[in-house]
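Below is one structure, written out as structure tokens; the observations come after it.
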Amino acid sequence: MVNYKTLTQEELTKKAELLKVLGHPERLAIAILTINREMCVKELVETLGISQPKVSQHVGIMKELNILHSRKEGTKVLYKVKEQLVKEIISLLFKN
């Protein structure tokens, strides 16, 4: 169990920001899609059916919070969930 008295304001802010980012349906979908495999923006656009600029914006926000890791392969940039906590949150959210 979490003890509020031991938490810093910085920790609370960081966790709240993570939840806020994952609270957006398109970003949550990106996290789900990239949990187990790398995907490029083009693949995300095709899978999600949203515009490339929108996907790029979401990916940028997620990279900023270290939710996604990126690596370059030729001309493509591949993204995958980096943060273990995100994997655990998604697992809990979609537990049957």
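Read-outs throughout are calculated quantities, based only on the coordinates presented, and are distinct from any laboratory measurement. This structure is a prediction, so every number in the text was calculated from the model and none was measured. Quick reminder, even Gly has a Cβ in these numbers, built from the backbone with ideal geometry, and neighbours come from all protein chains shown.
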Check: What is the sum of charges around Thr34, taking Lys and Arg as +1, Asp and Glu as -1, for the other residues whose C-beta is under 13 Å from the C-beta of Thr34?
Finding: +3
Checklist line | Highest-fluctuation residue, Val86, Val45, Val59 considered, GNM on the chain with Cα pairs under 10 Å | finding: Val45
Item checked: For Arg27, Arg37, order by how many other beta-carbon atoms lie within 10 Å, fewest first -> Arg37, Arg27
Note to self: As a footprinting exposure proxy, order Leu44, Leu19 by other Cβ within 10 Å, with the fewest listed first.
What the structure shows: Leu19, Leu44
Notebook entry, point to check: What is the extension gain from Lys80 to Glu17, computed as 0.36 nm multiplied by their sequence separation minus the C-alpha to C-alpha distance, in nm to one decimal?
Noted result: 20.8 nm
Item checked: Residue-by-residue Karplus 3J(HN,Hα) for the range 50-62, coefficients 6.51, -1.76, 1.60, Hz, glycine and proline x -> 10, 5, 4, x, 5, 4, 4, 5, 4, 4, x, 5, 5
Margin query: To make sure I understand the rule: partners must be aspartates and glutamates, Cα under 19 Å from the Cα of Lys54, and not fewer than 8 residues away in the same chain. Which ones qualify?
Written below: Glu26, Glu38, Glu43, Glu46, Glu64
Item checked: Equivalent-ellipsoid semi-axes of the range 12-93, from the Cα gyration tensor, Å, largest first -> 20, 13, 12
Note to self: Let me check against my output: what whole-number percent is the relative contact order of the chain, with C-alpha pairs under 8 Å and at least 6 apart?
What the structure shows: 25
